[in-house]
1. Summing Lys, Arg as +1 and Asp, Glu as -1, what charge do residues with Cβ under 14 Å from the Cβ of residue 222 carry, residue 222 excluded?
2. Would you mind calculating the relative contact order of the range 79-248 from Cα pairs under 8 angstrom and at least 6 residues apart, reporting the percent as a whole number?
3. Subtract the Cα-Cα distance of residue 92 and residue 197 from 0.36 nm times their separation in residues, and report this length gain in nm to one decimal.
4. At R0 = 45 Å, how high is the FRET efficiency between residue 418 and residue 262 if r is their beta carbon distance? Nearest 0.05 is fine.
5. When the distances between all Cα atoms of the range 79-248 are binned every 5 Å from zero, what whole-number percent does each bin get?
6. In nm, to one decimal, how far is the modelled label at residue 270 from the one at residue 185, with both set 7 Å along Cα→Cβ?
7. Pairs of alpha-carbon atoms within less than 8 angstrom and 6+ residues apart define the contacts here; what relative contact order does the range 193-297 have, in percent?
8. Could you check the spin-label model distance between residue 58 and residue 319? Points 7 Å from the Cα along Cα→Cβ, value in nm.
Amino acid sequence: MAANLPLMALAATISLRRPVVACAGARRVSRVEFFGEVKVDWLGKKWYFLAFSLVFSVAGILSMIFWHGINEGVDFRGGTLVYVQFADKPDADRIRHATDAAGLHDAVIQRFGQASAKQEVISLAEKDINEASLDAGRAAIVNALNTHYSPPNAADKGKLDLNNIGAGALGQFLAQKDPEKLDVSAGDAAALQRYTQQAQAIVSHRDDDLNGIFTNLDQLNGKADPAVVNLLKQSTYLSSFHVFNQEIIGPQVGAQLRKKAFLATIYSLAGMLVYLWFRFELIYGVAAVVAVFHDTIITVGAFSLMNREISLTVIAAILTLIGYSMNDTIVVFDRIRENLRLSRRESLTTLVNRSINQTLSRTVLTSGLTFLTVLSLYVFGGEVLRGFSFALVIGILIGTYSSIAVAAPMLVAYQDYRAKRGKKAALPAGKRTRV
């Protein structure tokens, strides 16, 4: 449910329309306008727009092909993500040395959250682990880090790492050692439960109160019976890291998710093309789809240029911005169609400019509020929402731009092309729609 809140907030913002107030006894309707009579020659600047789009589109494509490529998240490539909390500021080179020494040469190491949190996420590709036991990735990373972040020879002496043991394993260890002489071997359920509860209390104190890491064994005092505390001080050691979460995706599941994400994007574009063909004319649909494809290329290119991971949440954001950009484009197209009916003798260039200017207040209102929403998600949403919100921040800006600078000029360019070939207008005046 929590994961859906950003989408719900975004949908609520996108659904905003210009307020209308009907005057009593009159047919006139007043609207919120940010600007007065705007007379910007948008199509006169089409070559500047074309240069801007080419620079960012080509830069993104070159990055995807020759530089960073598309940095797929574990959702698509399969493997294990292990989230690690460190006691001190983590050193990426030291972590890399530890994973390389353990044979994990393709591990991806990235900071997680703010630098002050001292957290890293280590990603293992599926080829580094056995598909039959993908959870071995966590053990492999823990073993690799133990060689550099644990006391020398601590594990060789049979001691347990108190910072990376779960409540279940700790409870079994206490029951086996039986420091309180409760005769657990006799099958006393109450005695076993006592050790289990103490193990849970110790792990809870570590994770909830100490941010996942014991820095001193004296921090156990008062959290369990003295006999248990004495046993743990003798039989455990403290590493300077703690694995607090892991995500596991099988390679087959990752391949299926990659395919479905691609098909979802293609099907959405095709469906919108068919709708606009039916609702307007084919050229409207083609122009809108080209504009949305332009938005997608620039957004994915921005991820590649900044070497950010593309995960399932990013795909959700891209599909969201496709719908948003298409909605903004349809508003402009609908005004163009209305003006075609009202001003049959006006040149198409002048008419399109006027249509864009007439919808400019609505565009600034809806796009501006939506942008503030997604910008807030990016700044305050935390690391989990960072990819999702970054895609929307880029997508809202580019989507609004493309409705004016890409989709509308394509209509004029196609009309001019047909006129040079002596064909009739491709943009007939719209018909009145019965309500």
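Values in this text are rule-based calculations from the coordinates and carry no lab data. For clarity, every value in this text was computed on a predicted model and none was experimentally measured. Cβ sites come from the backbone with ideal geometry, for glycine too, and all protein chains shown count toward neighbours.
1. 0
2. 33 percent
3. Working: separation 105, 0.36 × 105 = 37.80 nm, distance 3.71 nm.
Going from the current span to full extension adds 34.1 nm.
4. Values: r = 34 Å, r/R0 = 0.75.
Step by step, r from the Cβ atoms, then E = 0.85.
5. P(r) for the range 79-248, in whole percents per bin: 1, 8, 17, 19, 18, 15, 11, 7, 4, 1, 0.
6. It works out to 6.9 nm between the two label points.
7. 16 percent
8. Computed distance between label sites residue 58 and residue 319 equals 3.4 nm.
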